[in-house]
Amino acid sequence: MALLEIRNVVRRFGDFTAVDGVSMSIEQGEFFTLLGPSGCGKTTLLRMIAGFDSPQSGEMRLDGQDLISIPPEKRPIHTVFQSYALFPHMTVAENIAFPLKMRKVPKEEIRQRVSDSLEDVRLADRGGRYPNELSGGQRQRVALARALVNRPRLLLLDEPLAALDMKLREQMRLELINLQKEIGVTFIYVTHDQTEALTLSHRIAVMNGGRVEQLDEPSKIYDSPKNRFVAAFIGTCNLVEAQVVAADGEKMILEIKGLGEVAARNPGASVGETGTLALRPEKIRLGAHLVPELDENHFRGKVRDFLYMGDVTVYIVEVGEGEHIEALLPNSAAGRPRIFAAGDPVDIAWRYDAGSFLNG
Amino acid sequence: MGKNLGKWLISGPPVLYLVVFFVIPTLIMVLASFRYPGEYGGLAPIMRHDASGAHINLTLESYQEYFSDFIYSWLFLKTLAYAVITTFFCLVMAYPLALLIAKSARKYRDLLVLLVILPFWSNFLIRIYAWMIILGPQSVFSQLLNGFLGLFGIDPVRLLFTPFAVVVCLIYVQLPFMVLPLYANLEKHDPALLDAAQDLGANGWQRFWRVTFPLSLPGIYAGIALVFIPVLGIFAVPDILGGTRGIMIGNLIKQEFLEARDWPFGSALSIVLTVSAMIIVGLAALAARRRVGRDV
Ligand SMILES: Nc1ncnc2c1ncn2[C@@H]1O[C@H](COP(=O)(O)OP(=O)(O)OP(=O)(O)O)[C@@H](O)[C@H]1O
Ligand SMILES: [Mg+2]
């Protein structure tokens, strides 16, 4: 049985539907992420799981028990708020002791567990400080420690790293992964940062407009997006209008206006169908002269523009009649920020199964 | 250098104002409390000339008088008691009101605050006289109360010209001064803190006592100071509603200046009052500092 079972949950505000029939089941010990653009209903869904809001229809069960009828303070679910919501009038230790006090844990045990918890988040020497005397990263860790100290069944995290700078964010990601592995508490993590979602999660639910667009492992989400929205939202992607002209088992042929025919993996489309070919820039080979390999689509084009990104350079290559394809090359050679300049003639090539045909 | 000059130019006028209208008068009053009363009121000259030459004409007599008769200290303690009772009831009544306003929808808040300060728009004395009517023996309130007491065979009580009338009116007059600082504090509370507390297992009662209340302590202290201190010196309310049993130290001070024409004794009473108030408030602030820890 899944730890948390959500079925057809709907939440409307007036005539606006913030969460529109969401279903998902989350397993014990999972690091589950809700990913989606601003306003897609992530926080609303999370608040319903925490109990601060309730759905107009649908079901939520924790360990098979109905959750909706239980008030938030009775749910074995804790939240790490985006603003951390640390109590400013309590020391770090008092903040962490708070949930234990609410559960009437004996004083001696509270003391022990708070000090263990402070060790876990490497704040043993900060127990007597007040939240306003801590750095952003430290506050973040206090919020985590406080939410985890009495081992909830489920921890909800609403963009917990959004307020931190990039370096700290990367470091905290690693800490989060380790912490979650160590204590085995199930995490539901909300973010609109796709890198964060991809690095942290066991599974990701990509949301848009109150609906789940795709629910899968990170690599599936990235490599086999189910539709145009997911493909465009996660990473960068070439999205080209295409029509199926031949489909045969594993392979099919697509007609792309201005470019011609390309081979692609057949997801079970039928001839005549139109859709989008999604092609990741890093899956495209780029060179001055490429020898075509077996099962490759091969085009000759011209560099229109390039974006230097430090580790890689993205080249925008014009192929066929005005079709633009992005491809990237790592800047592995020292002192050479780019290999091609605008106007250079180049070859691009990709295996037929490098992209996905999306008819959604 | 130029920066300092600017600072002085900006803060100069208010500092000057305070010196001229607060510091100097206070010093004059301190001095007055050590002088002899003049023969026809006012103050006797500081220098006295007689056969043996000039003497400085200062005395501790006024203070001696204060401490020689317990009635003054008793009046002072009674005033303190009125102030404590008034402050207590203001706090108990203002807190839920301030909380209600702070929690109501943003668009209604200003209106509700306006209603709280609405009484300020009418004259202070008129508002006190209104209580004479409310508490008078012929008032609906008195009649209902006495009718009710009569059912149990209790003799009718008089409300007007009693300490009760004074305290009720003091509470009425001072209530907005408690509501406003409390509201200003409560309105700033981050609602996420209450969500967090609830999320971590706190029920409504615990959320109030462990989050809302401790965070509102600065507002409570401000409200207490704003209610308590003015009540110590007030004389209009007991003058109008208190009769003889309801008088406060403020009445006595006023009397010394205007009727008895003993300025030195009036000044000494004022100084005792001011110093006591400062000590009380200082001790309270010290205790408060230790409790609040830190803000935000
Ligand atoms: N209490 C409310 N009343 C009315 N509309 C609301 C309320 N709460 C949320 N909404 C609307 O529901 C939609 C989803 O909001 P939600 O906060 O869940 O988005 P989100 O996915 O968390 O976005 P973000 O990434 O910006 O935090 C938004 O359009 C928002 O305006
Ligand atoms: Mg949100």
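Structure summary
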quantity	calculated
Enumeration of residues in the stretch B:249-265 that are free of Cβ contacts under 8 Å to residues at least 24 places away in the same chain and under 26 Å from B:Pro45 (Cα atoms)	B:Ile253, B:Lys254, B:Gln255, B:Glu256, B:Phe257, B:Leu258, B:Glu259, B:Ala260
Boolean, A:Arg47 is free of Cβ contacts under 8 Å to residues at least 12 places away in the same chain, under 17 Å from A:Val9 (Cβ atoms) and either out of contact with any helix residue (DSSP H, G or I) (no Cβ under 6 Å at 6 or more places or on another chain) or in the same structural domain as A:Gln140 (by TED's automatic domain parsing) (or both)	yes
Index of the failed condition, B:Pro14 passing every other in (1) surrounded by 10 or more Cβ atoms within 10 Å (Cβ to Cβ); (2) modelled with pLDDT of 85 or more	(1)
Flag for A:Leu46 being within 14 Å of chain B (Cβ to nearest Cβ), within 16 Å of ligand 2 (Cβ to nearest atom) and surrounded by 14 or more Cβ atoms within 10 Å (Cβ to Cβ)	yes
Residue list for the stretch B:58-95, filter: among the aliphatic types (A, V, I, L, M) and either over 30 Å from B:Ile220 (Cβ atoms) or without any contact (Cβ under 8 Å) to a residue 40 or more places away in the chain (or both)	B:Leu58, B:Leu60, B:Ile71, B:Leu77, B:Ala81, B:Val92
Output for the stretch A:42-63, where each listed residue is within 15 Å of A:Gly21 (Cβ to Cβ), within 15 Å of ligand 1 (Cβ to nearest atom) and hydrophobic (A, V, I, L, M, F, W, C)	A:Leu45, A:Met48
Of the criteria (1) more than 30 Å from A:Glu73 (Cα to Cα); (2) open to solvent by 20 Å² or more (accessible area, probe 1.4 Å); (3) over 14 Å from the mean Cα position of the chain (by Cα), which one B:Pro218 fails	(1)
Qualifying residue in the stretch A:75-84 (condition: more than 14 Å from chain B (Cβ to nearest Cβ) and open to solvent by 20 Å² or more (accessible area, probe 1.4 Å))	no
Among residues of the stretch A:298-330, those that are closer than 15 Å to A:Gly258 by Cα, assigned to a strand (DSSP E or B) and either not charged (D, E, K, R) or not assigned by TED's automatic domain parsing to the domain that holds A:Gly355 (or both), counted	7
Those helices (runs of 4 or more DSSP H) lying entirely in the stretch B:182-244 with at least 2 residues within 14 Å of another protein chain (Cβ to nearest Cβ) and under 26 Å from B:Gly282 (Cα atoms)	B:213-233
Single unsatisfied condition, A:Leu259 versus (1) surrounded by fewer than 13 Cβ atoms within 10 Å (Cβ to Cβ); (2) over 32 Å from the mean Cα position of the chain (by Cα)	(1)
Positions within the stretch A:12-41 being within 8 Å of ligand 1 (Cβ to nearest atom), open to solvent by 10 Å² or more (accessible area, probe 1.4 Å) and not in a loop (DSSP other than H, G, I, E, B), in sequence order	A:Phe13, A:Phe16
Qualifying residue in the stretch A:207-226 (condition: under 27 Å from A:Phe13 (Cβ atoms) and part of a helix (DSSP H, G or I))	no
From A:His202, A:His192, residue being open to solvent by 20 Å² or more (accessible area, probe 1.4 Å) and either within 13 Å of ligand 1 (Cβ to nearest atom) or not assigned by TED's automatic domain parsing to the domain that holds A:Phe81 (or both)	A:His192
Single residue of A:Asn132, A:Asn208 found to be assigned by TED's automatic domain parsing to the domain that holds A:Ala97, polar (S, T, N, Q) and touching a Cys at 6+ places or on another chain (Cβ under 8 Å)	A:Asn208
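The values are calculated or read from the model by the stated rules, or taken from the named source; none is laboratory data. Because the structure is a prediction, the values reported are computed rather than measured. Ideal geometry is used to build each Cβ from the backbone, glycine not excepted, and the neighbour counts take in all protein chains shown. Surface areas here come from the heavy atoms of the whole protein model, side chains and all, with no ligands, DNA or RNA. Shrake-Rupley method; radii C 1.70, N 1.55, O 1.52, S 1.80 Å.
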